[in-house]
């Protein structure tokens, strides 16, 4: 913003207050004539200097009222008059350039009005109250959001605290960040007049903070140009080599892509699909990344084809025709229409190959999708453009309103920034969070989506979804399969988070090893710091095999009684309990449905009806015997509990078993594997009818996600 303003007047004298205004410069110094700058303009005529802004604005908003722009320009020009940029240009050229960038992206009138005024409060005698009186509360809010905090008040913390203030304002109105991004783009375009060390510092902040914010807000048109400008400053040698490569490869690439584009147009015309096929050159950073990925580039690698259609359905029609008439590269296909990116981006991505092996990447989208892909949130217009009482309510409560376009990642960022204890922690955490290479999208069972940094774990997903209530999470299901909270997620995963019943439970310290997002790390660290005596450690649960040494071994319980009636082969004697063996593979107990088979020695083997062993014996032609349970005597059963490791889990499980009235004959706890623990219990129940209730009680123990009958056990 004012970083490039050069004021030859006497340096300003600091005054009290958190946001000081510099004294207005003396106009007589290096003053440009108003006529030379503005040309002739009547009282209500639009000044010539903003003619390009008005033309670009009307291209997107034909019915826009330009009067606020006229008044905003006159105030900005008069208040900045006499101020010069380092380049020697009048300072007013900067807000004009910033506003033109936003107008070309399709920003609505309120944003453009605030953009023209965005440096007035910071660098002139204009006050926020004056802006509010003349242009309304929305413009006042936007100008305030992008106004820097003074170094004289905040010292080294001025920059991080300015960004914190700006992010909080963006949480209420994303248009604040739109103005900031356009402001930074124009400053980066003219950064060559700065000292090299200052260029480096500004470029690094742009790389670490502004470019990721542009990506997350979907403003690709600004993001790609910022990337190239930063690339040229921070990596001049690589930039020069890439520039030379682009210069030498553009002609070949243009020919290859033009030939593929013409064939695609012919294919789509023949199919009756109205489509616009364009060749889009890659920007320098994209070419540089392709070079690192593929080594030597072929002609078509220097650009991509863009196909624009009217309707969503046409996108898939175009895809089908191209895949029919060209050889598709299946691994390159991505559907961001059915599954949009976290930053509003929608498009079909594919790649097709010619007969000579030349491969061209293709983007297929509607015209509206293209507008959003280029301009992101800027293309959404004014999110508060309502009428009647709703509008009046918003005007009365501007500071409290919530932006309906606020993306989920921004909400999470705002949540954790409140917990950052000091500017240094906030600044370093913000840069680390935003400097991720890319984000992934994972999906909840309810159909919602979470945007997370690449490499995020289920711990990060838990805190993104539940906030501090994620302390009670025990595990997760990823794509339908049980997974530990340390499991790293990939783009497109489906994640169901499993929480325990105790909302007061806290996270174990090792969760910090799995957490990549600031929201998760700050929440976990804060709980650990405030509950040092309650930190749950993953206690080693030693395998317990058989009954405890101090307890006498229990006598085996009698087998459940069965009444056996011989089949036509007369295989066994007809008397209760005689010659009956309960199969160890499935451990049947009352009231299980059973299947019995005559076996050697005149005995009957009894299986649960659904047991694979029973199916096998039927297939072998074993004689089947009709049996039924006689009464509900004591029974012995082996159960297996699957759980996530946590403190006191073994104690809680054995307590649940005791409360259910079962006695533990033997127990085995396998060593934890990836935070999962398997417990096997052989239990004696006084009544077989208690078994369903026992299994239900065990499943309700926090951390236990499954209880089943064991596949093998010892029975009397």
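The values are calculated or read from the model by the stated rules, or taken from the named source; none is laboratory data. Because the structure is predicted, anything quoted here is derived from the model rather than measured. Quick reminder, even Gly has a Cβ in these numbers, built from the backbone with ideal geometry, and neighbours come from all protein chains shown.
A quick yes/no check of all residues on (1) without any contact (Cβ under 8 Å) to a residue 60 or more places away in the chain; (2) closer than 17 Å to residue 413 by Cβ; (3) surrounded by fewer than 20 Cβ atoms within 10 Å (Cβ to Cβ):
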{"residue": "148", "(1), (2), (3)": "no, no, no"}
{"residue": "176", "(1), (2), (3)": "yes, yes, no"}
{"residue": "182", "(1), (2), (3)": "no, no, no"}
{"residue": "185", "(1), (2), (3)": "no, no, no"}
{"residue": "201", "(1), (2), (3)": "yes, no, yes"}
{"residue": "234", "(1), (2), (3)": "yes, no, yes"}
{"residue": "242", "(1), (2), (3)": "yes, no, no"}
{"residue": "248", "(1), (2), (3)": "yes, no, yes"}
Among helices (runs of 4 or more DSSP H) entirely within region 80-137, at least 2 residues that are under 18 Å from residue 68 (Cα atoms), assigned by TED's automatic domain parsing to the domain that holds residue 372 and touching a strand residue (DSSP E or B) at 6+ places or on another chain (Cβ under 9 Å) occur in none
Counting only strands (runs of 3 or more DSSP E) wholly inside region 272-387, the ones holding at least 3 residues that are buried (at least 19 other Cβ atoms within 10 Å of the Cβ) are 303-309, 348-353, 359-366
If you go through 669, 665, the only one that is in contact with a helix residue (DSSP H, G or I) (Cβ under 9 Å, 6 or more places away or on another chain) and in contact (Cβ under 8 Å) with a residue 60 or more places away in the chain is 669
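Residue check: is residue 206 assigned by TED's automatic domain parsing to the domain that holds residue 118 and more than 20 Å from residue 115 (Cα to Cα)?
Criteria not met by residue 206.
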Going through region 72-95 in order, the residues found to be closer than 18 Å to residue 46 by Cα and surrounded by fewer than 21 Cβ atoms within 10 Å (Cβ to Cβ) are 74, 75, 78, 93
